[in-house]
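Q: Quick one: the structure is below, and I'll ask about it shortly.
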Amino acid sequence: MTFRNTPQTFGSVSKLLHWLISTLVILMLIAGYFMSDIGNDTLKATVINLHKLTGLTILGLMLVRLVWTLLNPKPLPPPGTSAFMKFVEWGGHFFLYAIIIAMPIVGWVGSVAAGHVPHAGSIVFNLSFISSVPNKPLAELAFQMHSILAIVIIVMVSLHVLAALYHHVIKKDNVLRRMMPG
Ligand code: HEM
């Protein structure tokens, strides 16, 4: 197996980033919807801060992935794929990258504007361009966008999984297999 992509398949770096980020995003969606119901205040504060730090990690991993994707060839679509389907696939992947980068950014802006800066021990992840904290209108707008993007991510990831299964079960091509580990 190669580190880099080839015109035939994804390399181990792309596969690792794909499965690591997708696993973290799914865990973040589940935690995001349940964390506000945690009764114990100390545990709730710890889980929310962990949510923020994991979200910032996803942002970092997505930026690494974006650079790696731009530096690597993209495996060719199966022979006979129409120009329209190539565009739909490209558009879908572009949109997935955009929303999974935007999601942690709006969460971060919302948290800083609300005066709850994410922290890891003594390291704080502040955004100095956000003034007059607590900035309630900005925090509310950011968390509304965070909630809407969560639903958009669920819909887009579901379509992405259905497309992969369509290739594997119906078209019986190697689109899913070439992203699988090993
Ligand atoms: C890909 C990364 C992320 C995902 C998938 C995600 C997902 C979610 C979800 C599903 C919710 C619940 C939304 C709702 O109740 O409608 C949520 C809430 C929240 N998220 Fe995130 N999140 C991410 C990154 C972040 C980051 C980076 C921060 C801050 C640095 C953050 C801060 C918050 C906060 C404070 C809430 C609670 C908002 C409230 O009480 O209304 N999130 N997140």
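The values are calculated or read from the model by the stated rules, or taken from the named source; none is laboratory data. Computed from a prediction, not measured in an experiment: that's the story for all the values here. For neighbour counting, all protein chains shown are included, and Cβ atoms are generated from backbone atoms with ideal geometry for every residue, glycine included. Areas reflect the complete protein model, heavy atoms only, side chains present, ligands, DNA and RNA absent. Shrake-Rupley method; radii C 1.70, N 1.55, O 1.52, S 1.80 Å.
Q: Keeping to region 64-89, report how many residues are touching a residue at least 12 places away in the same chain (Cβ under 8 Å), open to solvent by 80 Å² or more (accessible area, probe 1.4 Å) and assigned to a helix (DSSP H, G or I).
A: So the answer is 1.
Q: Within region 99-116, work out how many residues are small (Gly, Ala, Ser), surrounded by 13 or more Cβ atoms within 10 Å (Cβ to Cβ) and either out of contact with any Asp or Glu (no Cβ under 9 Å at 6 or more places or on another chain) or not in a helix (DSSP H, G or I) (or both).
A: Residues that pass the stated criteria total 4.
Q: Still on this structure: Taking region 139-179 as the region of interest, how many residues are among the aromatic types (Phe, Trp, Tyr) and near the ligand (Cβ under 9 Å from one of its atoms)?
A: Total meeting the criteria: 1.
Q: Let me ask another. Just the residues that are under 15 Å from Ile154 (Cβ atoms) and loosely packed, with under 14 Cβ neighbours inside 10 Å, please, taken from region 24-38.
A: Within region 24-38, Ile26, Leu27, Ile30, Tyr33, Phe34 qualify.
Q: Regarding Leu17, is this residue within 15 Å of the ligand (Cβ to nearest atom), surrounded by 13 or more Cβ atoms within 10 Å (Cβ to Cβ) and in a helix (DSSP H, G or I)?
A: In short, yes.
Q: Checking Ile130 against (1) surrounded by 12 or more Cβ atoms within 10 Å (Cβ to Cβ); (2) among the β-branched types (Val, Ile, Thr); (3) under 19 Å from the mean Cα position of the chain (by Cα), only one condition comes out false. Which one?
A: (3)
Q: Does any residue of region 48-63 turn out to be closer than 21 Å to Ala163 by Cβ, within 15 Å of the ligand (Cβ to nearest atom) and open to solvent by less than 40 Å² (accessible area, probe 1.4 Å)?
A: Checked region 48-63: at least one residue is closer than 21 Å to Ala163 by Cβ, within 15 Å of the ligand (Cβ to nearest atom) and open to solvent by less than 40 Å² (accessible area, probe 1.4 Å).
Q: For Gly92, only one of the following conditions fails: (1) open to solvent by less than 40 Å² (accessible area, probe 1.4 Å); (2) under 14 Å from Ile153 (Cα atoms); (3) within 16 Å of the ligand (Cβ to nearest atom). What is its number?
A: Only one criterion is unmet by Gly92, namely (3).
Q: Look at region 120-143 and say how many of its residues are modelled with pLDDT of 90 or more and assigned to a strand (DSSP E or B).
A: Final tally of qualifying residues: 0.
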